[in-house]
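Q: Right, I'll just put the structure down here and ask away after.
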Amino acid sequence: MKLLRLALTRPVITNALKIALVVGTCLNAINQGPQLWQGEGMEWHKVALNFAVPYLVASYSAAKALMVPMTSVNLTQ
């Protein structure tokens, strides 16, 4: 439950949205670029997934990182 609470905080959401916008745009260009250039239709479920997956990964990893106390992180390795 703590992980979900952290994932729903404004800083995590804002950062995850920025990442999803950049990564999702790149993924859509790679995955559907040829279809768009040829004038074919877009597969909207793929468009949604190309933005949702980076958002979920970014928000999960940010929330998970916030759960780790800084004293337990060993930066000298």
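Q: Among (1) loosely packed, with under 10 Cβ neighbours inside 10 Å; (2) of a type in the set (A, V, I, L, M, F, W, C); (3) at pLDDT 95 or above, which single condition is MET70 missing?
A: (3)
Q: Next question, about the same structure. Is at least one residue of segment 28-40 modelled with pLDDT of 95 or more, more than 10 Å from the chain's Cα centre (by Cα) and part of a helix (DSSP H, G or I)?
A: no
Q: Right, another one. Inside segment 1-57, can you point out the residues that are charged (D, E, K, R), surrounded by fewer than 11 Cβ atoms within 10 Å (Cβ to Cβ) and farther than 19 Å from VAL68 by Cα?
A: The answer is GLU40, and nothing else.
The values are calculated or read from the model by the stated rules, or taken from the named source; none is laboratory data. None of the values given here were measured: they were computed from a predicted structure. No Cβ is skipped: glycine too gets one built from the backbone with ideal geometry, and neighbour counts run over all protein chains shown.
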